[in-house]
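What follows is a single structure, written as structure tokens, with notes after it.
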């Protein structure tokens, strides 16, 4: 994967807990929703690559510590501000999980909490990135736009595959008698 260099010319490091978190989400979706939902989640994670390509092409500087208070002035060497990566990732990844919870037939407390928590996280990440001085408003707006486009593509990918692959699984279970009340 192509990553932008940091302030010393090295490739930026991605924290290992990110990989663990994504793997846990993949496994949870595989066991509790469907394998196809887990595959669509992998598609949603693709926003990281798309966003990185856009960041490298645009190469917009981050807010300067001389203009505003910045939490981490050396982040990405002060470059790669547009679009806001956290925002696009939250919208695409958490947005897809929000979508899965929304279409779930279950009407439980966990579903309601999932919708509220993920919705708040998506809504507030943009404000947090501006407040910390890591991004301009336009970077955050671009992150919401790119993340939303990727979320729509992910949902369409999920719907496309669901109609093709999940129907086959259901018909095989009916023919073999699996999944019937025992």
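Values quoted throughout were computed directly from the atomic coordinates according to the rules given, and no laboratory measurement underlies them. These figures come from a predicted structure and were not determined experimentally. With ideal geometry, Cβ positions are generated from the backbone for all residues, glycine too; neighbour counts draw on all protein chains shown.
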Ordered by fewest other Cβ atoms within 10 Å, a rough proxy for footprinting exposure, 96, 82 read 82, 96
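What list do you get for 150, 110, 36 if you sort them by fewest beta carbons within 10 Å?
Numbers: 150 25, 110 10, 36 20.
With the sparsest Cβ surroundings first, the list reads 110, 36, 150.
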Could you give the length gained on full extension between residue 49 and residue 107, defined as 0.36 nm per residue of separation minus the Cα-Cα distance, in nm? 17.4 nm
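May I ask you to sort 88, 134 by Cβ crowding, counting other Cβ atoms within 10 Å and putting the fewest first? It would help to have the intermediate numbers written out before the result.
Details: 88 29, 134 22.
By the 10 Å Cβ count, ascending, the order reads 134, 88.
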